[in-house]
Amino acid sequence: MTDVRQMSAVPQMADIVFALRGDGLPDTYAFDLWRAVAQALPWLEHEDYAGILPLRTASDGGSALLPQRARLVLRVPVSRLPQAQRLAGQVLDVGGHALAVGAGRERPLQPHPTLHAHLVAGAEPEEAFLAGVAAELREMGVSCKWICGKRMTVAGEHPIGGYSLVLHDLKPQDSLRIQFAGLGAQRRYGCGIFVPYKAIPSLD
C-alpha cells in the first residue's frame, strides 16, 4: 500500500466519460493508454488522485477487443473537468493502435454503501494485503466491511500485483472519501479506483 495521504489534501473528484472507438488494444494497454492520455492532457501527471478506470474489453489471444459502446472514463478533480473536456475529438495512439475519443459527459460521484475496485495494488500474501487496507482505512477514518477477491496483475512493462476488493456497509461520507482518494497506488493505471456496486458479486 502507499503512504497514507491526508484527506484534507484530497480534492473533490468526478468522472468524465468519453465515447471511444477503436478496433482493439494489446492486453498490456494500461501503460500505453496513460501515456497517450497524459500527452493530450499534460496536467494529469501532476494530479496524484487522477486515474483512468479499467476499460471494459474482451480478451482475444493477446488482444483486448473494444465493444461498440466502449467508454473511456477518467477520474479527475472537479476543478479540472473543463480541461479534461479537451480530450474529446482527439485520436490517441495507444501502443500503435488508434483510439478515437468522442464527446465527454461529466458524471458526479454519488455515495453508495457498496463499492468495488477491479484491482487494489498491494502486497502478497492476502493477509499482508488486507493488513495494509485496514491501516489505510483506519488513517482515513473510514469504517466498513470488505470482501477480498482473487490476486490479479496489471500486465505490462512494470507488472502491478494486487487484489480485487469490495467495500460494503459504508456511510455516505465514507463512500465519497473512498471514491475521491481511492486505496493503494497506481491510480493512473486503473488501480484502487472504486465504483458503485449494487450487489456484492461472487469473487471466485
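A short reminder: the numbers here are calculations on the coordinates, not readings from a lab. Just so it is clear, the structure is predicted and the values come from calculations on it, not from any experiment. Backbone-built Cβ (ideal geometry, glycine too); neighbour counts: all protein chains shown.
Mean silhouette area of the range 110-196, derived from the convex hull of its C-alpha atoms and averaged over all directions, reads 5.0 nm².
Residues Glu47, Glu126 in ascending order of nearby Cβ atoms (within 10 Å, fewest first): Glu126, Glu47.
For the range 130-161, which trypsin sites (Lys or Arg not before Pro) are in a loop by DSSP, counting at most 15 other Cβ atoms within 10 Å?
Numbers: sites: Arg138, Lys145, Lys150, Arg151; in loops: none.
Within the range 130-161, no trypsin sites (Lys or Arg not before Pro) qualify (loop, at most 15 other Cβ atoms within 10 Å).
Could you quote the convex hull projected area for the range 8-108, Cα atoms only and averaged over all directions, in nm²? Before the final figure, lay out the partial values.
Values: hull surface 24.7 nm².
In nm², the orientation-averaged hull projection of the range 8-108 is 6.2.
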